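The block underneath contains the structure these notes are about, expressed in C-alpha cells.
The values are calculated or read from the model by the stated rules, or taken from the named source; none is laboratory data. Keep in mind that what you see is a predicted model, and the values were worked out from it rather than measured. Ideal geometry is used to build each Cβ from the backbone, glycine not excepted, and the neighbour counts take in all protein chains shown.
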Amino acid sequence: MARRKRRDTIADLFDLEGRVALVTGGAGHLGAQISEALAEAGSTVVIASRNLANCRKLAKEFESWGGKALALKLDITSDASAKKCVAQVRKRCKRLDVLVNNALAGSFKPAARTTSKDMNATLDGCLTSAHRLTREALPLLRKSDAASVINVSTMYALVAPDPETYKGTRFLSPLGYGEAKAGMLQLTRRLAADLGEEGIRVNAISPGPFPHPHTTKSKLFMRRLARRCVLGRYGQPVEIKGAALFLASGASSFVTGHNLVVDGGWTTR
C-alpha cells in the first residue's frame, strides 16, 4: 500500500499546528468557542477585544491545557487600534494565517428610535470594521501559504426578524444589525473574488439563534426561538466550533466566497 502524503488524512486537513489565528471579539459569547476550536487544532490564537482582561483570562485558560494563545487589546472601530493590533501580531507572532472578523459594535436600538447616527455607528461596527481589520492584516496574510479570512455574519443577514418572536419580551433585533451583516456577506464575496488569485480564501459564517446567557432567563423567548428552528431547539455555543475550524483549515482549501449557515434550519422557512 502506498504511503499517504502529508496533509492527505482528515486529521492532517484539520491540523492548524504552526498557524497563527487572530479572532476579534475572541473572548465573547461565540468568539471564545471559535478561539478554543482553533487553539485545540494547534493554532496560536490571538484573542483580541476591547476587554483585555477577558482576553487574558481566556488565554491563560488555553495555556493551562497546553494551548497557545496571546491576548491583545483591540477596538474594531478605530483605524489606529487595528493597525496597532496587527503590528503586535507581526512583532510577536511573525505571521498570520487566519483572521476571524467576529467582533461587532454599534448603537443598537428599536427601529423607531434609531437615528442616522445610530445606523452609521452600527454599519461601521458590523461591516466596515471587517474591512478595516482585513485591510490591515493583508500584508501578513499574503505571506501565508494557507490564508483564510472568516467573517461572522448572522441569520438576519438572510431573513428579516419575525416580530412575533420578540412580542411581549424585552428583547429585540435592532435596526441596522442585520442590514450591516448582509453587507458583510457581499463584502465576503467581493474580497473572495479580489484575493482569490493570491490564494487568500474569504468565507462567512451565519449563526442562527445562539442565545446569550442573559436571554435564557426568559422561558417564553427561549420557547419561541426553539420552535422557530427546524431542529426544534436553539443552538449551543459549542456548535459553532466545527464550522469555524472547517473554514480555517485545509479541509476547506477549495472553498471561498461561501456563507456557511449554522442556524438549526431557521432560514429554511
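Could we say that Glu179 is out of contact with any Ser or Thr (no Cβ under 9 Å at 6 or more places or on another chain), assigned to a helix (DSSP H, G or I) and over 23 Å from Gly196 (Cβ atoms) here? So Glu179 does not fit the description; no. Set side by side, the residues Ala251, Ala244 differ, and just one is under 15 Å from the mean Cα position of the chain (by Cα), among the small types (Gly, Ala, Ser) and not in a loop (DSSP other than H, G, I, E, B), which is Ala244.
Per-residue answers, yes or no, for (1) within 15 Å of the chain's Cα centre (by Cα); (2) outside any helix (DSSP H, G or I); (3) closer than 16 Å to Thr267 by Cα:
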{"position": "Ala160", "(1), (2), (3)": "no, yes, yes"}
{"position": "Leu191", "(1), (2), (3)": "no, no, no"}
{"position": "Val202", "(1), (2), (3)": "yes, yes, no"}
{"position": "Ser206", "(1), (2), (3)": "yes, yes, yes"}
{"position": "Phe210", "(1), (2), (3)": "yes, yes, yes"}
{"position": "His214", "(1), (2), (3)": "no, no, no"}
{"position": "Leu220", "(1), (2), (3)": "no, no, no"}
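The helices (runs of 4 or more DSSP H) found wholly in segment 17-118 include none carrying at least 2 residues that are more than 25 Å from Ser173 (Cβ to Cβ) and modelled with pLDDT under 95.
Quick one: would you say Pro139 is in contact with a Lys or Arg (Cβ under 9 Å, 6 or more places away or on another chain) and either under 18 Å from Ala21 (Cα atoms) or not hydrophobic (A, V, I, L, M, F, W, C) (or both)? Yes: the conditions hold for Pro139.
Condition check: surrounded by 16 or more Cβ atoms within 10 Å (Cβ to Cβ) and at pLDDT 95 or above. Does Arg233 satisfy that?
On the way: surrounded by 16 or more Cβ atoms within 10 Å (Cβ to Cβ): no; at pLDDT 95 or above: yes.
Criteria not met by Arg233.
Of Ala48, Ala37, Ala41, Ala82, all but one fail to be crowded, with 19+ Cβ neighbours inside 10 Å and in contact with a strand residue (DSSP E or B) (Cβ under 7 Å, 6 or more places away or on another chain); the exception is Ala48. For segment 229-265, the set of residues classified as more than 30 Å from Gly199 (Cβ to Cβ) and either touching a Lys or Arg at 6+ places or on another chain (Cβ under 6 Å) or of a type in the set (S, T, N, Q) (or both) consists of Gln236 only.
State whether the residues of segment 219-227 include one that is out of contact with any His (no Cβ under 9 Å at 6 or more places or on another chain) and under 16 Å from Thr154 (Cβ atoms). Yes.
Suppose we keep only residues that are in contact (Cβ under 8 Å) with a residue 40 or more places away in the chain and aliphatic (A, V, I, L, M) within segment 196-228. Which one would you say is nearest to Leu133 (Cα to Cα)? Top of the filtered list is Val202.
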